[in-house]
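One structure is given here, and the rest of the page talks about it.
The values are calculated or read from the model by the stated rules, or taken from the named source; none is laboratory data. Every value quoted in this text rests on a predicted model; they were computed, and no experiment measured them. Backbone-built Cβ (ideal geometry, glycine too); neighbour counts: all protein chains shown.
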Amino acid sequence: MKNQAKMILEKDFKISEIDNRIYGSFIEHLGRAVYGGIYEPGHPTADEHGFRHDVIEMVKELQVPLVRYPGGNFVSGYNWEDGVGPVEQRPRRLDLAWRTTETNEMGTNEFMQWAKLVSAEVNMAVNLGTRGIDAARNLVEYCNHPGGSYYSDLRISHGFKEAHKIKTWCLGNEMDGPWQIGHKTAAEYGRLAQETAKAMKWVDPTIELVACGSSHRKMPTFADWEATVLDFTYDHVEFISLHQYYGNRDNDISNYLALSLEMDDFIRSVISIADYIKAKKHSKKKIHLAFDEWNIWYHSNEADKQIEPWSIAPPQLEDIYNFEDALLVGCMLITMLKHADRLKIACLAQLVNVIAPIMTESNGVAWKQTIFYPYMHTSVYGRGVGLNPIISSSKYDSKDFTDVPFLESTAVYNEENETLTIFAVNRHLEEGLHLEVDIRNFEGYEVIEHIVLENDDIKQTNSAQGTPVAPHSNGNAKKENGGVKALLPKLSWNVIRLAKQK
């Protein structure tokens, strides 16, 4: 039987309005993400602040709405005061998280300047490893209070009269991890996060807070951690975080591309835990999810062991992604869109050089990794309402999964722009997938573009010398008998764009 799938799309089969922050990313003081990534004074494209504009243009192409900063493991040992005020007076510090030297040339205000240049909001993390309530409330005052207080006036004296008005804040990072500076039990972290949240909101009641969930699903404390933390923080936070990275260490592509099913189950599990605490507390409040670290991460593991301790901005975690990685990233993006009713924030970790869609050469070019494209397509075309398609697809079994659909797909409807976009991955290693889409009440909608990302070599990578893995618009999707028919090439990422004809 040929590889085939059917999909029914209805305007009324809505999941939720998509929060654009689901297309967020992450910049940590790690490796060459900041120094040599977004910031490189003397680079041919650098502006008066030292920001690389070739990188800025690529970030703008991605339309990144939110960037988490400054960590990550880094934040658990970070004194935010080190990164404000005259640059020449800032201390150099040993960063214990990544065993490097932090120069603090870039700090809060500089990052806010950069974020404005790329039209992104900032998701600011506070240090709940070595610090706590006092440093967190002072940082909120420094960033968000208009003036007339010690820390807001200090910001003004540093040349920033207008408050930064940062809306979203993370209460620490991966505090369940023994590798974390200031690692805590769930109860220790929960109490600290609760009291820190109260103080931060007393300074600025308009902010939204993200409590730390588990560092990944296979942590031995997973589920108990979330339940305990939410027991303490439920009334004071809006989000619980999820982190997950995947890799193809066994070189088993069928199993690798099925990992988005595990991601889906992870999301459902955290929703269940949050709703259990809601019921336990007889609360009317609904906790949402922030998947604020997600990506592929495994290529660079051996190279990272060779880093000289205490060097400045050495290359770290510089995974070079191949074509199969782009397919899984596409599946992961589709999976998150399926949960748009509860998943409101997500941050691809990270944005530049460090497990990133954008890479740079020192004093040289910037270039796009394979994963750049599905991330860009969903961010640009995935704004609107997430639909709940009815899908039937041929399936396969892999080492760890059964009944894996060859078609991984979802759709986004933008009523204002009168557009309908179908995102689809064909997981089949050898066959194209015959897709039929019933768009029964999208009268007058026509196919305007079928973007395809495909490559005969699943291990093909991009580099500064060229991007052999890049999308084309020669897909064969067409309107036929009131529906859409398309042949999705084997192992391909597809974006089928429809618009209502005037």
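Computed values, structure above
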{"item": "Matching residues in segment 345-364 - criterion: being buried (at least 22 other Cβ atoms within 10 Å of the Cβ) and either over 18 Å from the mean Cα position of the chain (by Cα) or not in a loop (DSSP other than H, G, I, E, B) (or both)", "result": "I345, A346, C347, L348, A349, V352, I358, M359, T360"}
{"item": "Condition broken by V437, with the remaining ones in (1) touching a helix residue (DSSP H, G or I) at 6+ places or on another chain (Cβ under 6 Å); (2) farther than 30 Å from V55 by Cα satisfied", "result": "(1)"}
{"item": "Segment 122-148, subset touching a Phe, Trp or Tyr at 6+ places or on another chain (Cβ under 6 Å) and among the hydrophobic types (A, V, I, L, M, F, W, C), residue farthest from V75 (Cα to Cα)", "result": "V122"}
{"item": "3 or more residues under 17 Å from G31 (Cβ atoms) and not assigned by TED's automatic domain parsing to the domain that holds Y23: qualifying strands (runs of 3 or more DSSP E) within segment 78-130", "result": "none"}
{"item": "Selection from segment 391-415 of residues that are polar (S, T, N, Q) and either surrounded by fewer than 14 Cβ atoms within 10 Å (Cβ to Cβ) or in contact (Cβ under 8 Å) with a residue 60 or more places away in the chain (or both)", "result": "S392, S393, S394, S398, T402, S409, T410"}
{"item": "All positions within segment 122-166 that are under 18 Å from Q194 (Cα atoms), surrounded by fewer than 19 Cβ atoms within 10 Å (Cβ to Cβ) and either charged (D, E, K, R) or free of Cβ contacts under 8 Å to residues at least 40 places away in the same chain (or both)", "result": "D134"}
{"item": "Within segment 1-66, strands (runs of 3 or more DSSP E) holding 1 or more residues that are touching a Cys at 6+ places or on another chain (Cβ under 8 Å) and surrounded by 17 or more Cβ atoms within 10 Å (Cβ to Cβ)", "result": "24-26"}
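For every residue, the table says whether it meets (1) in contact with a strand residue (DSSP E or B) (Cβ under 8 Å, 6 or more places away or on another chain); (2) of a type in the set (S, T, N, Q); (3) in contact (Cβ under 8 Å) with a residue 60 or more places away in the chain; (4) not in a helix (DSSP H, G or I).
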position: S254; (1), (2), (3), (4): yes, yes, yes, no
position: M263; (1), (2), (3), (4): yes, no, yes, no
position: I277; (1), (2), (3), (4): no, no, no, no
position: P315; (1), (2), (3), (4): no, no, yes, yes
position: V329; (1), (2), (3), (4): yes, no, no, no
position: H339; (1), (2), (3), (4): yes, no, yes, yes
